[in-house]
Amino acid sequence: MQRPFLRLLIISLIALGLGIPLAQASHISITGPPPQLHLAVGALGATVDTVTFTVPANLVGTGTSIAGSQAVLIEVAARRSAGSGGPTTVLLLANSSTPLTSGTNTIPMTEISWTSGSGIIPAGTFNGTATQQLFSFFAPNGTTRQEDTHIFHYANSSVYPAGTYTTTVTYTAVAL
Amino acid sequence: MFHGSNFGEFMVMSVKKSFFLIVTAGLVGLLSAVSQPALAGSGTCTGANCTTPGVDLNFQVVIPNLVRLRIGNAVGANTLTFTPAAGIVGDSSSVSGTGGDFLPGTSQVTVKVLANGGATGVQVDTDVAAFSSGLECQAASGSCVNGTHFIAWDQISVAGNGCSVVPPTLDNAGSGFATYSAVGGIVNEDCAWDYTYDNDTVPVDGTYTGTVTYTATVSP
């Protein structure tokens, strides 16, 4: 029975010594976890994934579609709660405004399209703009996760100078 | 063997330990989520109306350096056949042929000249070395004698259909050629050549055959 009293006394003395006011709580407010939005594209690691299209010599510029080297998993997860944030709409955007480049030569990003594994993030073609909307979904309270696997294709519709062309597409998720 | 009280104590300690472990793991996880450097391929934002950091995905297209020449079928050689009617032999009325792949029933063949290695151009040459005296009479095909009777190559004319460059002419010396200049480091001719028999001479009757071989050479 004495030990709690002794502990309270010691705490009070320390608080007084430090000049900390001992407030008496009259109201307790508990809110949910802060709303959060998470986006993952490809494998998590130290380096950015690269999708490579290698055009065989006999198919250059023939219009035969060339599949990318790997499928890419895209995942968007939203956490909302009644206490903060609340339900919202989430957008997935892509910035493909930088064309594929090799020296002074370029290939427009409209040559790159993708098919969808599950149809959640639909098939499409990059339009070469900075804010292409790939899909949207409604995120109610709680955690909502949307994911899909994309397989990319190079249209191979024109003959381009020999070389290795590279670029980076940047994805972002936006909670409205 | 546990005694009653000891077992109870052990259970309490286990529960406390589990709780402690859960709390500790949760804190470690939270802290690591906050302090860990962002991994490539993911981004997180917090807030009611937030935008995640950009997540990059690299793309790479590898275009090989190539020179491609196609005259006629993609695989195998076309045989163009000209059959002048008896009434017009040697009267210089042009005779269309058959056997072309570009347009069925005609002697038009597909032509593709492609180079993407940054050269200044491509030259397409003709080679009739195996038939340098002209199209050769086939044995037992008529009155003509194999090895004796020929039709000169210049009796075959070639006209372009949708081409940017005039096709190489044919002659017994194999001197015809066509030069394609590169634009932006690329030569990409895609059209058709239409062959006709000029019918300017009266050969000994029979069937005459010959082969033209085309080659493409990149100009440095």
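Highlighted here are the strands (runs of 3 or more DSSP E) found entirely within the range A:85-176 that include at least 1 residues which are under 30 Å from residue B:114 (Cα atoms) and in contact with a His (Cβ under 7 Å, 6 or more places away or on another chain): A:112-116. Considered as a group, the residues in the range A:80-96 that are at pLDDT below 95 and more than 9 Å from chain B (Cβ to nearest Cβ) include one that is surrounded by the most Cβ atoms within 10 Å (Cβ to Cβ), and that residue is A:81.
Here residue A:127 fits the description: out of contact with any strand residue (DSSP E or B) (no Cβ under 7 Å at 6 or more places or on another chain), of a type outside the set (Val, Ile, Thr) and surrounded by fewer than 20 Cβ atoms within 10 Å (Cβ to Cβ). Based on what the data block shows, is residue A:99 within 30 Å of residue B:42 (Cβ to Cβ), surrounded by 14 or more Cβ atoms within 10 Å (Cβ to Cβ) and at pLDDT 55 or above? Answer is yes for this residue. Residues satisfying the criterion are present in the range B:143-159 (criterion: assigned to a strand (DSSP E or B), small (Gly, Ala, Ser) and without any contact (Cβ under 8 Å) to a residue 40 or more places away in the chain). A residue that is closer than 20 Å to residue A:57 by Cα, assigned to a loop (DSSP other than H, G, I, E, B), at pLDDT 95 or above and not acidic (Asp, Glu) occurs nowhere in the range B:93-109.
Only a single item in (1) under 27 Å from residue B:89 (Cβ atoms); (2) at pLDDT 95 or above; (3) outside any loop (DSSP other than H, G, I, E, B) is not met by residue B:122, and it is number (1). On the basis of being of a type in the set (Gly, Ala, Ser), buried (at least 18 other Cβ atoms within 10 Å of the Cβ) and modelled with pLDDT of 95 or more, does residue B:159 make the cut? It is false that residue B:159 is of a type in the set (Gly, Ala, Ser), buried (at least 18 other Cβ atoms within 10 Å of the Cβ) and modelled with pLDDT of 95 or more.
Can you find even one residue in the range B:167-174 that is of a type in the set (D, E, K, R) and part of a loop (DSSP other than H, G, I, E, B)? Reasoning before the result, please.
Pass one, the range B:167-174, residues of a type in the set (D, E, K, R): B:171.
Restricting the remaining residues to those that are part of a loop (DSSP other than H, G, I, E, B) gives B:171.
Checking the range B:167-174: at least one residue is of a type in the set (D, E, K, R) and part of a loop (DSSP other than H, G, I, E, B).
Here residue A:61 meets each of (1) touching a residue at least 40 places away in the same chain (Cβ under 8 Å); (2) of a type outside the set (Val, Ile, Thr); (3) in a strand (DSSP E or B) with one exception, condition (3).
Please indicate, with yes or no, whether at least one residue in the range B:36-58 is within 7 Å of another protein chain (Cβ to nearest Cβ), within 30 Å of residue B:115 (Cα to Cα) and modelled with pLDDT of 55 or more. Yes - at least one qualifying residue is present in the range B:36-58. Might you check whether a residue that is assigned to a loop (DSSP other than H, G, I, E, B), at pLDDT 95 or above and surrounded by 12 or more Cβ atoms within 10 Å (Cβ to Cβ) occurs anywhere in the range B:84-91? Taking every residue of the range B:84-91 in turn, at least one turns out to be assigned to a loop (DSSP other than H, G, I, E, B), at pLDDT 95 or above and surrounded by 12 or more Cβ atoms within 10 Å (Cβ to Cβ).
The values are calculated or read from the model by the stated rules, or taken from the named source; none is laboratory data. Given the structure is predicted, the values throughout are model-derived calculations rather than measurements. Note that we place each Cβ from the backbone using ideal geometry, even for glycine, and neighbour counts take in every protein chain shown.
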